[in-house]
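Q: This is the structure I have questions about; it appears just below.
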Amino acid sequence: MIYASAAEWRAASDKRVLLFGMSGLGKTYLASMLRDTGGWFHYSVDYRIGTRYMGEYIADNFKREAMKNPFLRELLMTDSVYIASNITFDNLAPLSTYLGKPGNPALGGLDFAAYMERQGQHRQAEIAAMLDTTRFIARAREIYGYDNFICDTSGSICEVVEPENPADPVLTELSAHHLMVWIKGSEAHTAELVRRFDRAPKPMYYQPDFLERMWGEYRAETGLAADEVNPDTFVRWTYAKALAHRQPRYAAMAEWGVTVTAEEVAQVRDAAGFTDLIATAIDRKRG
């Protein structure tokens, strides 16, 4: 770890932290809170994915839909309108919409091959966006004068690394420049995330082997053809299994850094509280 002790962390003039864990447990809450103090640079991996690496895919998808409308088609063909994504740190809907869900096209579903192609695009984008953090640490300092840096990762980070491989290139690079911090949820948190997802199912990135297995198992269980699958029903069915699939991967990633609980995160109200939270986690790790 880049901080050998809690005392070294507290004394550091350039605090650099990477938060990871399931979506909904406090990564963006902490990053936004620190950003609002004015002393921290907030790097959002999802925002970087949706702007730098998948922005063109997203915009082209909007344009394909617009071309189906004769009125908008004419405006596009004459360069009379401009169509772009308005993705923000707090609104990642354009990225989720592009990823989509497989199944019945009449219900908004994608052909499974097209869906997997978009999943592959996301994988490459996520890896690239994470590796960009090293450059942004320097950029934040040199351009904006920020010494403290918080990286708010995607919930799918555990799907694009091999945490049990000590030579994993992504984790090796990230851990060399950040303190890796896992926000660990309880079974109650997991149950609440499942309930929340059930109310509003959204597209997600999954490992291809896992996703293909889930697609096969779901169709075998239901007896549905690919174009008969309700996209929302499939992703609801998959979500709880995905959380169980991810948990041991997050735990293995935690060996590269420290662990805090979602309950501890919920108690943090300011930068001083965050400093205390991480110091406690380092002490716990050092035993």
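The values are calculated or read from the model by the stated rules, or taken from the named source; none is laboratory data. Worth saying up front: this structure is predicted, and the values here are computed from it rather than measured. Ideal geometry is used to build each Cβ from the backbone, glycine not excepted, and the neighbour counts take in all protein chains shown. Surface accessibility is based on the protein's heavy atoms, side chains included, excluding ligands, DNA and RNA. Shrake-Rupley method; radii C 1.70, N 1.55, O 1.52, S 1.80 Å.
Q: Only residues in the stretch 45-71 that are within 20 Å of THR88 (Cβ to Cβ) count as the first member; pair them with residues that are of a type in the set (Lys, Arg), Cβ under 8 angstrom, at least 6 apart or cross-chain, and list the lot.
A: Within 8 Å, the pairs are TYR57/ARG118.
Q: Within the stretch 197-215, does at least one residue satisfy the condition of being more than 25 Å from HIS42 (Cβ to Cβ), part of a helix (DSSP H, G or I), touching a Ser or Thr at 6+ places or on another chain (Cβ under 9 Å) and open to solvent by 60 Å² or more (accessible area, probe 1.4 Å)?
A: No, the stretch 197-215 contains no residue that is more than 25 Å from HIS42 (Cβ to Cβ), part of a helix (DSSP H, G or I), touching a Ser or Thr at 6+ places or on another chain (Cβ under 9 Å) and open to solvent by 60 Å² or more (accessible area, probe 1.4 Å).
Q: Related question: Restricting to the stretch 173-196, and then to whatever is outside any helix (DSSP H, G or I) and among the β-branched types (Val, Ile, Thr), can you tell me which residue is nearest to LEU92 (Cα to Cα)?
A: Initial filter on the stretch 173-196 (outside any helix (DSSP H, G or I)): 178-186.
The next check asks that each one be among the β-branched types (Val, Ile, Thr); those that pass are 181, 183.
Details: VAL181: 23, ILE183: 21 Å.
So, considering only residues that are outside any helix (DSSP H, G or I) and among the β-branched types (Val, Ile, Thr), the one nearest to LEU92 (Cα to Cα) is ILE183.
Q: Still on this structure, please answer the following. From the list THR172, THR133, exactly one residue is hydroxyl-bearing (Ser, Thr, Tyr) and open to solvent by 40 Å² or more (accessible area, probe 1.4 Å). Which is it?
A: Details: THR133 fails: open to solvent by 40 Å² or more (accessible area, probe 1.4 Å).
Residue meeting the stated conditions: THR172.
Q: Kindly list, by first and then second residue, each pair from a residue in the stretch 181-194 that is within 24 Å of GLY257 (Cα to Cα) and among the charged types (D, E, K, R) to a residue that is open to solvent by less than 40 Å² (accessible area, probe 1.4 Å) and part of a strand (DSSP E or B), limited to pairs with Cβ atoms under 8 Å and residues at least 6 apart or on different chains.
A: Matching pairs, first to second residue: LYS184/VAL260.
Q: Now a separate question. Taking the condition of being aromatic (Phe, Trp, Tyr) and part of a helix (DSSP H, G or I), how many residues in the stretch 82-104 meet it?
A: To start, the set of residues in the stretch 82-104 that are aromatic (Phe, Trp, Tyr) comprises 82, 89, 98.
Among the residues that remain, those that are also part of a helix (DSSP H, G or I) are: 98.
The total comes to 1.
Q: Which one of ILE150, ILE127 is assigned to a strand (DSSP E or B) and under 19 Å from the mean Cα position of the chain (by Cα)? First the steps, then the outcome.
A: Working: ILE127 fails: assigned to a strand (DSSP E or B).
Exactly one residue qualifies, and that residue is ILE150.
Q: Ok, one more. So which residues in the stretch 270-287 are touching a residue at least 12 places away in the same chain (Cβ under 8 Å) and open to solvent by 40 Å² or more (accessible area, probe 1.4 Å)? Quick ask: steps written out before the conclusion?
A: So in the stretch 270-287, the residues touching a residue at least 12 places away in the same chain (Cβ under 8 Å) come out as 270-271, 274-275, 277-286.
Selection gives ASP270, THR280, ASP283, ARG284, LYS285, ARG286.
Q: Further question on the same structure: Could you list, in sequence order, the residues of the stretch 221-269 that are surrounded by fewer than 16 Cβ atoms within 10 Å (Cβ to Cβ), polar (S, T, N, Q) and in a loop (DSSP other than H, G, I, E, B)?
A: Answer for the stretch 221-269, where residues must be surrounded by fewer than 16 Cβ atoms within 10 Å (Cβ to Cβ), polar (S, T, N, Q) and in a loop (DSSP other than H, G, I, E, B): just GLN267.
Q: Under 6 Å by Cβ, and 6 or more places apart or on different chains, what pairs join a residue from the stretch 226-252 that is within 17 Å of ALA262 (Cα to Cα) with one that is among the aromatic types (Phe, Trp, Tyr) and buried (at least 16 other Cβ atoms within 10 Å of the Cβ)?
A: Once the first residue is within 17 Å of ALA262 (Cα to Cα) and sits in the stretch 226-252, its partners that are among the aromatic types (Phe, Trp, Tyr) and buried (at least 16 other Cβ atoms within 10 Å of the Cβ) give TYR250/TRP182.
Q: Return the residue satisfying two criteria in turn: it lies in the stretch 117-130 and is among the polar types (S, T, N, Q) and open to solvent by 20 Å² or more (accessible area, probe 1.4 Å), and of such residues it is nearest to CYS151 (Cα to Cα). Working first, answer last.
A: Of the stretch 117-130, the ones among the polar types (S, T, N, Q) are 119, 121, 124.
Applying the additional criterion that residues be open to solvent by 20 Å² or more (accessible area, probe 1.4 Å) yields 121, 124.
Working: GLN121: 21, GLN124: 18 Å.
So the residue we want is GLN124.
Q: Cβ contacts < 6 Å: first residue on the phi < 0 side of the Ramachandran plot and exposed (fewer than 14 other Cβ atoms within 10 Å of the Cβ), restricted to the stretch 72-92; second residue of a type outside the set (S, T, N, Q) and at pLDDT 90 or above, any location; separation 6+ or different chain. Result?
A: Sorted first by the residue in the stretch 72-92, then by its partner, the pairs are ARG73/MET67; VAL81/LEU75; ALA84/ALA59.
Q: Between LEU19, LEU34, which is open to solvent by less than 10 Å² (accessible area, probe 1.4 Å), in contact with a Lys or Arg (Cβ under 6 Å, 6 or more places away or on another chain) and either at pLDDT 95 or above or not in a loop (DSSP other than H, G, I, E, B) (or both)? Lay out the reasoning, then the answer.
A: Values: LEU34 fails: in contact with a Lys or Arg (Cβ under 6 Å, 6 or more places away or on another chain).
Criteria check complete, one pass: LEU19.
Q: Six or more apart or on different chains, Cβ atoms under 7 Å: show the pairs whose first residue is in the stretch 135-156 and under 23 Å from MET204 (Cβ atoms) and whose second is open to solvent by 20 Å² or more (accessible area, probe 1.4 Å) and part of a loop (DSSP other than H, G, I, E, B).
A: From residues that are under 23 Å from MET204 (Cβ atoms), the pairs are GLY155/SER23; SER156/MET204.
Q: Any residue that is open to solvent by 30 Å² or more (accessible area, probe 1.4 Å), farther than 22 Å from SER156 by Cβ and modelled with pLDDT of 95 or more - is there at least one of those in the stretch 41-52?
A: yes
Q: Check off (1) closer than 15 Å to SER44 by Cβ; (2) open to solvent by 10 Å² or more (accessible area, probe 1.4 Å) for THR153 and give me the number that stays unchecked.
A: Against the list (1) closer than 15 Å to SER44 by Cβ; (2) open to solvent by 10 Å² or more (accessible area, probe 1.4 Å), THR153 comes up short only on (2).
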